[in-house]
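Q: Before anything else, here's the structure in question.
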Amino acid sequence: MPPETVHAPVAVVKSGARADRSRERARAARRRRLLVFGARVLLLVGLLGLWEGLARAEVIDPFNFSMPSRIWDQMSQWALNGTPQGPLWEQIWCTLYEALLGWVIGVLAGVVLGIALGRVRFLADVLGPYIKVLNALPRIVLAPIFLIGFGLGPASKVASAVVLVFFPVFFNAFQGAREVDRNLVANSRILGASNRQVTLQVVIPSATSWIFTSLHVSFGFALIGAIVGEYLGATKGLGLLVSASQGTFNAAGVYAAMVILALVALVAEGLLAFLEKRLFRWKPADSSDGR
Amino acid sequence: MNSHLSPAIELRGTSKTFRTPSGGLHTAVRDLDLVVGRGEFVAVVGPTGCGKSTTLTLISGLEEPTRGEVLVDGEPVRGIGDTVGFVFQQDAVFPWRTVLSNVMAGPRFRGVPKAEARQRAREWLARVGLAAFEDRYPHQLSGGQRKRVALAATFVNDPGILLMDEPFSALDVQTRALMSDELLELWSGTGASVVFVTHDLEESIALADKVVVMTAGPATVKEVFEIDLPRPRRVESVRLEPRFIEIYREIWSSLGEEVRITRERGAADAA
């Protein structure tokens, strides 16, 4: 018997089995995703249920800890009838505006200075110790000073967001600029790149992955800066809602503002992740999954 | 070769001393005399870590000599010249640029208009057989393909002097032979003078007109051998010729001694 006749059917069976197996694998992956999602929802519902139950049974004090149903009522009341300071969306937008503006300014300043100090040894040597000292200070205590200086408007909140955002971004950009592959720099210089071209086309692209890691953390910082600033004194914003609720012993109000903030942060994080994916198309897929 | 013109590269009594992180002084190259004629392919062999790569960085202008002179086209080297091409041992392609954009980088850095740079880059990509891969990113290529990108990115600048620092040492044996053939083919049209650093004696004989044997570090020239094998050469077949084996034996008797010295030193350091 010629060998081909034996071979052919085996090959067919094999490829059939392979198709089966890959379908099987796809199904298993789908099942796993469902399971993870289901477990997540179950955990949330369970915790909220426990909270509600314990508060209703007065095992924990609902005056201090409130309960999910009251928080929900508070949120829907704010959404439908507006807050004491005006419509809810206006408060959200105000906080988001301050945080975003502070974040953008802080990030730009951090990136520019980080790259500059990473590239220019002299600057790094002169400014290095001062930056370390400033970083060691608890910068959030500057918020009252900004309030005195810039008043009750958004400017004081933006300023406190900036000082919180600047440092993590700066340190990451600095590190990123320092850790550029020396081969790559040597190669681009041989290929004819000027100092400026090396900075713009080699150092900055290689530092972007460092910078992006700090962007995630720093947006949270920007929100903190804006909220604390509003809490200390403002005419609008979620931080003011928190402090107003505190003033009327309304724990549900504090929690409700927190939930809204969490949602805002989650959306921002999602947008950032989307942007990152677009920007890092050149990276091998496995390394970006592993982060 | 044009005898009335100065040689492409000339090193006269060149030494290079580095300061080590611990504060000591390390002499990588000492009293180096080397002449590379125009259009000549010179291979530099020596024990690992002897200072061969330093020689290249001196010629390229990336580093300055501590003593002595480095002349390119009869002129002392000041900074990085624009006639120099350098192929590094490690991948030095830009990971965030596509293959085409990588090859365009050199001309673009030098101010060539975009359209022209693109056209030149496409030509060289076709010559290294990567025309179909121009939209890929480096991480999507194999090691040999990335090396081809590096070659195209170097040749597209039309270098008069080509410095290569163990460019194929990270590749597997088959790919290495293939790339050596390709290099000879790419080089043959350009008239560039080549300094090719390697620790692989077979590779150096197969490629070069002249093999320079370096001493154990600090490196200086020990002996120079002319390779009289006819061109064009095929790397895989030339190494089976009796003359090749004869030359190999001759050079190894010189190089082997230096390798032994380096090894004994390493053993002494470890002890």
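The numbers here are math on the coordinates, done by the rules we state, and not lab data. Remember, it's a predicted structure, so these values are computed and weren't measured experimentally. Here the Cβ positions follow ideal geometry from the backbone for every residue, glycine too, while neighbour counts run over all protein chains shown.
Q: With 27 Å as the cut-off, how large is the P(r) tail for segment A:138-291, expressed as percent of Cα-Cα pairs? Walk me through the numbers on the way to the answer.
A: Details: 4886 of 11781 pairs.
Counting every Cα pair in segment A:138-291, those more than 27 Å apart make up 41 percent.
Q: Computed over the Cα atoms, what is the radius of gyration of segment A:103-206 divided by 2.2 N^0.38 Å, N being its residue count?
A: Details: Rg = 16.7 Å, N = 104, 2.2 N^0.38 = 12.8 Å.
Rg over 2.2 N^0.38 Å, computed on Cα atoms: 1.30.
Q: For residue A:236, list the aspartates and glutamates whose Cα falls under 14 Å from its own Cα; do not include residues on the same chain fewer than 8 positions away.
A: A:90, A:98
Q: How large is the charge dipole for segment B:90-158, taken about the Cα centre, if only the Cβ atoms of Lys, Arg (+1) and Asp, Glu (-1) carry charge, to the nearest 20 debye? Please report the intermediate quantities before stating the final value.
A: Numbers: 12 positive and 6 negative charges, 10 e Å.
Magnitude of the dipole: close to 40 debye.
Q: Between residue A:35 and residue A:61, 0.36 nm times their residue separation minus their Cα-Cα distance comes to what? Write out the running numbers ahead of the final one.
A: Values: separation 26, 0.36 × 26 = 9.36 nm, distance 3.46 nm.
Length gained between residue A:35 and residue A:61: 5.9 nm.
Q: Here is a follow-up. Using +1 on the beta carbon of Lys and Arg, -1 on that of Asp and Glu, and nothing else charged, what's the dipole of the protein assembly as shown about the Cα centre, debye to 20?
A: Working: 60 positive and 54 negative charges, 329 e Å.
That gives a dipole near 1580 debye.
Q: Kirkwood Rh, Cα Rg: Rg to Rh for segment B:90-158? Please report the intermediate quantities before stating the final value.
A: Details: Rg = 10.6 Å, Rh = 11.5 Å.
Value, to two decimals: 0.92.
Q: Let me ask another. Rounded to a whole number, what is D in µm²/s for the protein assembly as shown from Stokes-Einstein with the Kirkwood radius over alpha-carbon pairs (25 °C, 0.890 mPa s)? The partial results should precede the final answer.
A: Numbers: Rh = 29.3 Å.
Calculated translational D: 84 µm²/s.
Q: Evaluate Rg over Rh across chain B, taking Cα atoms for both radii and Kirkwood's formula for Rh.
A: On the way: Rg = 18.8 Å, Rh = 19.5 Å.
Rg/Rh: 0.97.
Q: Would you mind working out the magnitude of the charge dipole of segment B:1-125 relative to its Cα centre, with +1 at each Lys and Arg C-beta and -1 at each Asp and Glu C-beta, to the nearest 20 Debye? Present the calculation step by step, with values, prior to reporting the outcome.
A: Details: 15 positive and 13 negative charges, 99 e Å.
That gives segment B:1-125 a dipole magnitude of about 480 debye.
Q: Counting just the Cα atoms, what span does segment A:165-250 cover along each of its three principal axes? Round to the nearest Å and put the largest first.
A: 68, 18, 13
Q: If one puts a single equal scatterer on every Cα of segment B:62-119 and applies the Debye formula without solvent, what log₁₀ I(q)/I(0) results at q = 0.18, 0.23 Å⁻¹?
A: Scattering profile of segment B:62-119, log10 relative to I(0): -0.81, -1.01.
Q: With every atom except the alpha carbons ignored, what do you get for Rg and Dmax of chain A, in angstroms?
A: 26.8, 97
Q: P(r) for segment B:123-264, please, calculated from all Cα pair distances in 10 Å bins and given in %.
A: In whole percents, the pair-distance histogram is 10, 37, 34, 15, 3.
Q: Right, something else. How much mean residue ellipticity at 222 nm does chain B get from its helices, if each DSSP H run of length 4 or more adds -39500 (n - 2.57) and you divide by all residues, to the nearest 500 deg cm²/dmol? Write out the running numbers ahead of the final one.
A: Working: 8 runs with 103 residues, N = 271.
It comes out at -12000 deg cm²/dmol, rounded to the nearest 500.
Q: Put +1 on the Cβ of every Lys and Arg and -1 on every Asp and Glu Cβ in segment A:67-289; which of A:212, A:158, A:78 then has its Cα farthest towards the positive end of the dipole?
A: After comparing all options, I get A:212.
Q: For segment A:197-291, state which chymotrypsin sites (Phe, Trp or Tyr not before Pro) are in a DSSP loop and have at most 11 other beta carbons lying within 10 Å of their beta carbon.
A: Details: sites: A:210, A:212, A:219, A:221, A:231, A:249, A:255, A:274, A:280, A:282; in loops: A:249, A:280, A:282.
When the chymotrypsin sites (Phe, Trp or Tyr not before Pro) of segment A:197-291 are filtered for loop state and at most 11 Cβ neighbours within 10 Å, A:249 remain.
Q: Calculate for chain A the 222 nm mean residue ellipticity that helices alone would give, adding -39,500 (n - 2.57) per DSSP H run of length 4 or more and normalising by residue count, nearest 500 deg cm²/dmol. Don't jump to the answer; show the numbers that get you there.
A: Working: 13 runs with 240 residues, N = 291.
Calculated mean residue ellipticity at 222 nm is -28000 deg cm²/dmol.
Q: Among A:151, A:114, A:220, which one shows the biggest mean-square fluctuation in a GNM of chain A, springs joining Cα atoms closer than 10 Å?
A: A:151
Q: Can I ask one more? Just order B:13-25, B:72-84 by mean Cβ neighbour count inside 10 Å, highest at the front, would you? Mind showing how you got there, number by number?
A: Working: B:13-25: 12.2, B:72-84: 15.5.
Sorting B:13-25, B:72-84 by mean packing, highest first, produces B:72-84, B:13-25.
Q: Return the lysines within reach of residue B:222: Cα separation strictly under 24 angstrom, same-chain partners fewer than 8 residues apart disregarded; answer none if there are no such residues.
A: Straight-line reach from residue B:222, under 24 Å: B:16, B:52, B:210.
Q: With springs only between Cα atoms under 10 Å, which of A:237, A:128, A:153 fluctuates most in a Gaussian network model of chain A?
A: A:128
Q: Please work out the Cα convex hull volume for segment B:22-113 and give it in Å³ per residue.
A: Values: hull volume 16.3 nm³, N = 92.
Considering the Cα atoms of segment B:22-113, their hull volume per residue is 177 Å³.
Q: Radius of gyration and Dmax for segment A:56-153's Cα atoms, expressed in Å?
A: Rg then Dmax for segment A:56-153, in Å: 21.7, 66.
Q: Also, I was wondering about something else. Take the Cα radius of gyration of segment B:204-266 and divide it by 2.2 N^0.38 Å, with N its residue count; two decimals is plenty. Intermediate values should be presented prior to the final figure.
A: On the way: Rg = 13.1 Å, N = 63, 2.2 N^0.38 = 10.6 Å.
After normalising by residue count via 2.2 N^0.38 Å, the value is 1.23.
Q: So what does the Cα-only Debye profile of segment B:83-203 read at q = 0.18, 0.22 Å⁻¹, as log10 I(q)/I(0), no solvent term?
A: Debye curve over Cα of segment B:83-203, log10 I(q)/I(0) at q = 0.18, 0.22 Å⁻¹: -0.91, -1.38.
Q: Right, another one. Segment B:141-211: Rg/Rh from Cα coordinates, Kirkwood Rh? Walk me through the numbers on the way to the answer.
A: Values: Rg = 11.5 Å, Rh = 12.5 Å.
Using Cα coordinates only, the ratio equals 0.92.
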